[in-house]
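Report on the structure given below.
The values are calculated or read from the model by the stated rules, or taken from the named source; none is laboratory data. All of these numbers come straight from a predicted model, not from anything done at the bench. Heads up, the Cβs are rebuilt from the backbone with ideal geometry, glycines too, and the neighbour counts pull from every protein chain shown. Remember, those area values only see protein heavy atoms, side chains included, never the ligands or the DNA or RNA. Shrake-Rupley method; radii C 1.70, N 1.55, O 1.52, S 1.80 Å.
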Amino acid sequence: MNSSDNQGLVRVAVPVPLRRPFDYLCPHPLPAPGCRVEVPFGPQTLVALVVEHPAQSALPVEKLKPIRRILDQQPVLGTDILALMQWGANYYQYPLGEVLAHALPVLVRKGEPAAYRELEFWFVTARGQTQDINELKRAPKQQQALALLRQGPQTPSALRQEDVQSAALNALEKKGYLERRSLEPTHATDWAERLECHGALHLSTEQALAVSAVTTQSDSFNAFLLEGITGSGKTEVYLSILEPLLRAGKQALVMVPEIGLTPQTIQRFKRRFNVPVVAMHSGMNDRERLDAWLACRDGGAAILIGTRSTIFTPFQHLGIIIIDEEHDASFKQQDGFRYHARDLAVMRAHRAGIPILLGSATPSLESLHNARGGKYHHLRLTRRPGNANLARQVILDIKNTRLQAGLSPQLEQLMAEHLAAGNQVMLFLNRRGYASALLCHQCGWSAACERCDAWYTWHHASHRLHCHHCDSIRPLPRTCPECGSHELIGSGVGTEQLEQLLASRFPHYPVVRIDSDSTSRKGELEEHLAGIKSGHYKILIGTQILAKGHHFPDVTLVGLIDVDGALFSADFRAAERLAQLYTQVAGRAGRASKPGLVVLQSHHPEHALLQDLTQNGYDHFADTALKERRLLGLPPYSHQALFKAEATGQNEVHDFLQRLADTLRLARLPQLQVIGPLSGMMERKAGRYRLQLLVQTPTRSALARLLEWGIAEQEAWPESKRVRWVVDVDPIDLG
Ligand code: ADP
Ligand code: ZN
Ligand code: ZN
């Protein structure tokens, strides 16, 4: 059905969880794709984004509604980003409107003008310039403010930082010496001409080879995997690669894991080039994010450093994408729009015809597979600059050993030696709280969450039980509710308990604990890290937060308290995760000239994985693991999607997934596997029943077609109305 003469059709993405396009009538000239419009949607008015101008609609023209208002004369983002979002919506089977809602800055999503904030500045008037400043000596605050502003206009907040208060400014304004004016900040795009390069190091041969491999092929799409052991100088390689690109006026997107986005990281890029570097992270408010986004889009920013969501940032002239710690799980969004930023980044670089560099000491098996298959160029850094020694590694057999808070006497002895020598010691334990369960020594009762199939974690400091799955909290019971006994004990040591023990064992060595409980306050993590760097803390205890990215040159002993759980996990990725964690943790020891020692406590010292890791290293482990995955037909040799459904009733969930399984099996794809419905790690969470269905095919394209078909089929079923379901394409967590 064609639209009438003076009106055309626009297809828009609306931020609602529906998987179909929405068409509206719109007066000519039609707003270009990428412009925002306001549309009526049921009783509401929503901000939508124009994605195309369809020739016709599936609906008859009488059923189409007109848009309410055009918000932009110019698109807020380019067709490259629109296409990337559309690709992402298809691939991850997520409604386009919600993808857009996720990818746009909040203020843009809300319909605010996509423009920089108007900033107010204080200026000195002509009178204020000529006035004899000594006449203000009775009002020293005003005198100081006028002197400062004579050097140039400033914003009120910048003045506050110089300790100039508004009372003084207002007084000067009354005297006619100052005035306030708005000024749009200029975002000069000619930073390339002013680029300076500070503090570049003389590269090692390996580093130089890696740099030239990328720089000589930087005019087209090429993917590079930079596999470099911790401390081998990967960041130095990134910086050297950036220099010629920035000089040519090209911008760079640098993505880092959530935990790696520290002021130090940003400083390192800022200091090198003297070009505008912007960051995007959760600590920024909506306004600051929009400004950073605009600076990238309009070319004012040379480098953007940020976490996974920066993959959708538009750039004027993007020249390269760098992903540091590419194996890190935080690049995959684990709820809502479950995209993998690394995979989208490769797609984006491919479409833009630019290089992408993935760096890690412990690359994901997916990326290693791509490197070995020739899709990625494989670059390696096998040495540390200045020949800093690699740590010695031992597995400590703790069978039949008396452990205290998980710690063996042997490890305690080693700690005493390293501490006495003036060094720092780091202990790693991936369980927070005091104990992972509270149980009665008399009758065996243990405190279980009523809403989950899980035990409560015992938090000693707060005297509470906390369910880490549904967040419910209750007071610590004094006696056993079953038998009345007072003998309530903990099982499964957590970081809090280890901290308590060490504080009593080594009273002269300050202990710091780094986990999500001890770092939840803003700035707390930075405080702790600063205390470690300054050498105040001698004993460092932490969960995996501590394992990532931080350089602690004075740590000479690293202990892994308990990793045995990962050896027998049902998730086939557990071994890879343990190997990455172990290698990263081990890489924290002995960075400078001090020799390091890594001690892994285990009840299974003979386990092949542990032996392989400590004796042959990550690369060898990866070889073995890839062979195993190939034999079993697991990713990266196949592709998976995980349907997860939940409801208050068990039957509803089962019936829905069973029907979905039966339907998908009908597709009769070669080597299709449909596994389930099965319960994951926890069948009941926060009072709801949860089941899942795993789908696996040999190729990505077959999986994509199957999902699209299956998801369309279920829309008509009464079963789907009774459950909440999601699909996770390329899941990295099968729990
Ligand atoms: P990675 O990113 O691989 O962990 P970094 O780039 O942070 O490694 O480098 C680790 C340390 O080695 C840093 O202190 C860095 O300044 C130093 N470094 C890196 N490259 C060189 C080099 N070519 N010569 C001397 N020191 C270097
Ligand atoms: Zn009891
Ligand atoms: Zn719970």
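If I compute solvent accessible area with a 1.4 Å probe over the protein chains, what percent of it on the chain is carbon and sulfur?
Values: 16800 of 33730 Å².
Solvent-exposed carbon and sulfur of the chain make up 50 percent of the total.
Over the chain, what is the mean sequence separation of C-alpha contacts under 8 Å (at least six apart), divided by residue count, expressed as relative contact order in percent? Write out the running numbers ahead of the final one.
Numbers: 1417 pairs, mean separation 75.3, N = 735.
Dividing the mean separation by the residue count of the chain yields 10 percent.
7 Å from Cα along Cα→Cβ at both ARG451 and ARG705: what's the point-to-point distance in nm?
Roughly 4.4 nm, to one decimal.
On full extension of the chain, what length is gained from ARG478 through ARG505, given 0.36 nm per residue of separation minus the C-alpha to C-alpha distance? Present the calculation step by step, with values, prior to reporting the outcome.
Numbers: separation 27, 0.36 × 27 = 9.72 nm, distance 2.71 nm.
Residue separation times 0.36 nm, minus the Cα-Cα distance, leaves 7.0 nm.
Given H placed 1.01 Å from N in the peptide plane, which residues other than close sequence neighbours of GLN393 have an amide H under 5 Å from its amide H?
It is VAL598, by chain and number.
Give the calculated FRET efficiency between ALA248 and THR205 to the nearest 0.05, with a Förster radius of 25 Å applied to their Cβ-Cβ distance.
Values: r = 26 Å, r/R0 = 1.03.
So the FRET efficiency works out to roughly 0.45.
Could you sort 320-330, 343-353 so that the peptide with the highest average Cβ count within 10 Å comes first and the rest follow in order?
Details: 320-330: 23.6, 343-353: 18.2.
Descending packing order for the listed peptides: 320-330, 343-353.
Does the range 90-183 come out rounded, prolate or oblate, given a ≥ b ≥ c as the square roots of the eigenvalues of its C-alpha gyration tensor, rounded meaning a/c under 1.5 and, failing that, prolate meaning a/b above b/c?
Details: a/c = 4.97, a/b = 3.78, b/c = 1.31.
Verdict is prolate for the range 90-183.
Could you pull out every residue, at least 5 positions away or on a different chain, whose amide H is within less than 5 Å of the one on LEU71? Hs are placed 1.01 Å off N in the peptide plane, and Pro or chain starts have none.
ARG36, VAL37, GLU38
Loop-only chymotrypsin sites (Phe, Trp or Tyr not before Pro) in the range 516-622, please: DSSP not H, G, I, E or B, and at most 13 other Cβ atoms within 10 Å.
On the way: sites: TYR537, PHE568, PHE572, TYR582, TYR618, PHE621; in loops: TYR537, PHE568, PHE572.
Here the sparse-neighbourhood loop sites are PHE568.
Could you give the nm distance between label points at VAL726 and THR215, where each point is 7 Å from its Cα heading toward the beta carbon?
Each label point is offset 7 Å from its Cα along the Cβ direction, giving 4.4 nm.
I'd like the FRET efficiency for THR45 and SER679, computed as 1/(1 + (r/R0)^6) with the beta carbon distance as r and R0 of 35 Å, rounded to 0.05. Each step should come with its number before you reach the end.
Details: r = 43 Å, r/R0 = 1.22.
About 0.25, to the nearest 0.05.
Run the helix sum for the chain: -39,500 (n - 2.57) per DSSP H stretch of 4+ residues, divided by residue count, reported at 222 nm to the nearest 500 deg cm²/dmol. Walk me through the numbers on the way to the answer.
Working: 22 runs with 233 residues, N = 735.
Helix-only estimate at 222 nm: -9500 deg cm²/dmol.
Given the convex hull over the Cα atoms of the chain, what projected area results after averaging over all orientations, in nm²? List each step's numbers first, then the result.
Working: hull surface 162.3 nm².
That works out to 40.6 nm².
Work out the P(r) tail for the range 183-289: percent of alpha carbon pairs separated by more than 17 Å, whole number. All intermediate terms of the calculation are to be shown ahead of the outcome.
Values: 3467 of 5671 pairs.
Value for the range 183-289 (Cα pairs over 17 Å): 61 percent.
Pulled fully out, how much extra length does the chain show between GLN611 and GLN410, if you take 0.36 nm times their separation in residues and subtract their Cα-Cα distance? All intermediate terms of the calculation are to be shown ahead of the outcome.
Details: separation 201, 0.36 × 201 = 72.36 nm, distance 1.97 nm.
Using 0.36 nm per residue and subtracting the Cα-Cα distance, I get 70.4 nm.
Kindly write out, for the range 417-434 in residue order, the coupling ³J(HN,Hα) from the Karplus curve 6.51 cos²θ - 1.76 cosθ + 1.60 (θ = phi - 60°), rounded to whole Hz, with x marking Gly and Pro.
5, 5, 5, 4, 7, x, 9, 9, 10, 10, 10, 10, 8, 8, 9, 8, x, 8
For a Förster distance of 60 Å, can you work out the FRET efficiency between the beta-carbons of ASP471 and ALA139, rounded to the nearest 0.05? Provide the component values of the computation, followed by the final result.
Numbers: r = 55 Å, r/R0 = 0.91.
FRET efficiency, ASP471 to ALA139: 0.65.
Could you rank the peptides 715-725, 369-379 by their average count of other C-beta atoms within 10 Å per residue, with the highest value first? Mind showing how you got there, number by number?
On the way: 715-725: 14.3, 369-379: 16.3.
The most tightly packed comes first, giving 369-379, 715-725.
HIS350 versus GLN267, label points 7 Å from Cα toward the beta carbon: distance in nm?
Spacing of the two 7 Å Cα→Cβ label points: 4.0 nm.
Give the long-range amide H neighbours of GLY299: residues separated by 5 or more places, or on another chain, with amide H under 5 Å away, using H modelled in the peptide plane at 1.01 Å from N.
Under 5 Å from the amide H of GLY299: GLN316.
Using the structure shown, select from LYS250/LYS332; LYS137/LYS174; LYS141/LYS175; LYS533/LYS594; LYS270/LYS375 the pairs with a Cα to Cα distance greater than 22 angstrom. Working shown, then result.
Details: LYS250/LYS332 27 Å; LYS137/LYS174 17 Å; LYS141/LYS175 14 Å; LYS533/LYS594 16 Å; LYS270/LYS375 32 Å.
Beyond 22 Å between Cα atoms: LYS250/LYS332; LYS270/LYS375.
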